[in-house]
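Presented below is the structure to which this report refers.
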Amino acid sequence: QVQLVESGGGLVQAGGSLRLTCVISGRASSTQAMAWFRQAPGKESEFVAGISRSGSSKRFSDSVKGRFTITSDNNKNTVYLQMSSLKPEDTAVYYCAAGYVTWILTSIGNYNYWGQGTQVTVSS
């Protein structure tokens, strides 16, 4: 069993920064890709960023490219999402996901395990 626990969300002003943390427990070593998704009220879930287990491959959505970075610490089974230059449109619940896929894919269905989500609110 794999469990994912996110933390680090909160309220921040536009232009500010936040770092989200996702701790992966259980059979974490069996997953090959980790990703962050987000869902704003009334909208569908959206891929934000992903990273391979080795850390050598990363992928970002166009909406966050250049503003967000994703890193991992395999010794701690932790994935981080550093968010900078935040905008009000970044407001959403952010979810960490892990899956057995060997490529960083952007569809929800490719990920097997999900966290409970953490709220990020960016005020204008």
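Partner aspartates and glutamates whose Cα lies under 20 Å from the Cα of residue 65, excluding those fewer than 8 positions away in the same chain, are identified as 44, 46, 89, 90.
Packing, as the average of other Cβ atoms within 10 Å across residues, places the peptides 78-91, 53-66, 101-114 in the order 78-91, 101-114, 53-66, highest first. In the full protein context, the chain carries 51 Å² of accessible surface per residue, based on a 1.4 Å probe and ignoring ligands, DNA and RNA.
Positive-end ranking of 55, 97, 22 along the dipole of the chain, with charges on Cβ about the Cα centre, is headed by 55. Calculated on C-alpha atoms, the gyration radius of region 12-124 divided by its Kirkwood radius gives an Rg/Rh of 0.95.
Candidate cross-link partners of residue 58 among the lysines, defined by an alpha-carbon separation under 20 Å and a same-chain spacing of 8 or more, comprise 76.
Could you please state how large a percent of the accessible area of the chain is carbon and sulfur, counting protein chains only and using a 1.4 Å probe?
47 percent
Around the Cα centre of the chain, unit charges on the Cβ atoms of Lys, Arg, Asp and Glu (plus for the first two, minus for the last two) sum to a dipole of about 240 debye.
The values are calculated or read from the model by the stated rules, or taken from the named source; none is laboratory data. Please read all numbers here as calculations on a predicted model, not as lab measurements. We place every Cβ from the backbone using ideal geometry, glycine too, and count neighbours over all the protein chains shown. Accessible surface areas use protein heavy atoms only, side chains included; no ligands, DNA or RNA. Shrake-Rupley method; radii C 1.70, N 1.55, O 1.52, S 1.80 Å.
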